[in-house]
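Right, one structure below, let's go through it.
The values are calculated or read from the model by the stated rules, or taken from the named source; none is laboratory data. All figures in this text were calculated on a predicted structure; none of them were measured in a lab. Glycine gets a Cβ as well: all are built from the backbone with ideal geometry, and neighbour counts include every protein chain shown. Each accessible area value is taken on the protein alone, full model and side chains, heavy atoms only, with ligands, DNA and RNA left out. Shrake-Rupley method; radii C 1.70, N 1.55, O 1.52, S 1.80 Å.
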Amino acid sequence: MEKVKPWLGEPQNTIAVLQKYGFVFQKKYGQNFLIDTHVLERIIEASEITKDDFVLEIGPGIGTMTQYLCEAARQVLAVEIDNNLIPILQETLSPYDNVEILHGDILKQDIHEIAEKYNDKKPIKVVANLPYYITTPIIMGLLESHVPLANITVMVQKEVAERIAAGPGSKTYGILSVLIQAWYRVEYLFTVSEHVFNPPPKVKSAVIRMTRNDTQQLGCDEKLFKQVVKTTFNQRRKTLRNSIKPILGKECPLTEDPLFNKRPEQLSVQEFIELTNQVETALKETIEK
Ligand code: SAM
């Protein structure tokens, strides 16, 4: 492949661009730029992007991964919050006519509008080396928006990746694992050392891929499901029979189902759905009495 210039996958080109603009890293924006071609290639491969795809990139930095995305995808939208990076992106991405740079906060964007404008409401792909200080709001925001998403391939802090991918019985299995796995198949792909970033972060990182389940329906009331998952995990040592009480109220009857004798970390996502349906039935019975 003929590479455009400057090809930022080469670390010396990244350094040259940073020096040219006298760029000062802003800690508050979680700026750790990737400088390793091997890791960049593995992320692009994992995201399964084709020339038919529209890709939303969150936090392009100086445009290193964006260049790879422009080569692989039909169209790219890169949303960057840092004012100082916009002129740099305009230069490093100037060889491409299939990219748009949007200056703004990803948490304030209307993802539905983006999917409609750029991809005719068809499922979009999201790729990012995420700013770690807002990993959870970004991922939960994407999920809760219910925008059609084919997959999300992201670099996150290793501990967060483990929590998202964890299954029942694991210490790291919790609210994030259940809420994400209710909609997505999560794969922990590979661990990344701090040395592939400039500047190196203080923590290890990992790349995960979340692929939308075929089931479009959750199988229970979504709002109640979230309440059940959060309430029970916030008292994870208690059995469900006890931790669920704040939702049901004192008088509320519970069936003798052995499910209620378990603790939240023992429950699969499917069992959380069943539990939510039982709670809903119990709530209705109380109201009818
Ligand atoms: N993609 C680049 C790379 O891999 O080299 C940079 C990744 S760096 C970990 C995170 C990027 O997200 C930075 O460019 C940062 O300025 C940007 N960012 C931080 N908060 C953001 C927000 N709320 N909305 C959009 N971009 C944000």
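Per-structure values
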{"quantity": "Checklist (1) assigned to a loop (DSSP other than H, G, I, E, B); (2) open to solvent by 30 Å² or more (accessible area, probe 1.4 Å); (3) not hydrophobic (A, V, I, L, M, F, W, C) applied to Tyr173, failing item", "calculated": "(2)"}
{"quantity": "Hits in segment 51-67 - residues which are in contact (Cβ under 8 Å) with a residue 60 or more places away in the chain and assigned to a loop (DSSP other than H, G, I, E, B)", "calculated": "Asp53, Gly59, Gly61"}
{"quantity": "Residue count, segment 31-50 (criterion: surrounded by 19 or more Cβ atoms within 10 Å (Cβ to Cβ) and either assigned to a loop (DSSP other than H, G, I, E, B) or more than 14 Å from the ligand (Cβ to nearest atom) (or both))", "calculated": "5"}
{"quantity": "Flag for Ala72 being at negative phi, more than 10 Å from the ligand (Cβ to nearest atom) and either in contact with a Cys (Cβ under 6 Å, 6 or more places away or on another chain) or among the hydrophobic types (A, V, I, L, M, F, W, C) (or both)", "calculated": "yes"}
{"quantity": "In segment 68-81, the residues that are closer than 22 Å to Leu189 by Cα, in a helix (DSSP H, G or I) and open to solvent by less than 10 Å² (accessible area, probe 1.4 Å)", "calculated": "Leu69"}
{"quantity": "Hey, Gly22 open to solvent by less than 60 Å² (accessible area, probe 1.4 Å), assigned to a loop (DSSP other than H, G, I, E, B), more than 10 Å from the ligand (Cβ to nearest atom) and out of contact with any Ser or Thr (no Cβ under 8 Å at 6 or more places or on another chain) or not", "calculated": "yes"}
{"quantity": "Verdict on Val127 being at pLDDT 95 or above, in contact with a helix residue (DSSP H, G or I) (Cβ under 8 Å, 6 or more places away or on another chain) and within 16 Å of the ligand (Cβ to nearest atom)", "calculated": "yes"}
{"quantity": "Given (1) surrounded by 16 or more Cβ atoms within 10 Å (Cβ to Cβ); (2) within 11 Å of the ligand (Cβ to nearest atom), number of the condition Lys28 does not satisfy", "calculated": "(1)"}
{"quantity": "Verdict on Asp105 being of a type outside the set (S, T, N, Q), without any contact (Cβ under 8 Å) to a residue 40 or more places away in the chain, open to solvent by less than 70 Å² (accessible area, probe 1.4 Å) and more than 24 Å from Lys51 (Cβ to Cβ)", "calculated": "yes"}
{"quantity": "Neighbours by Cβ (under 7 Å, 6+ apart or cross-chain): first from segment 114-134, of a type in the set (Phe, Trp, Tyr); second away from the ligand (no atom under 13 Å from the Cβ)", "calculated": "Tyr118/Phe54; Tyr118/Gln75"}
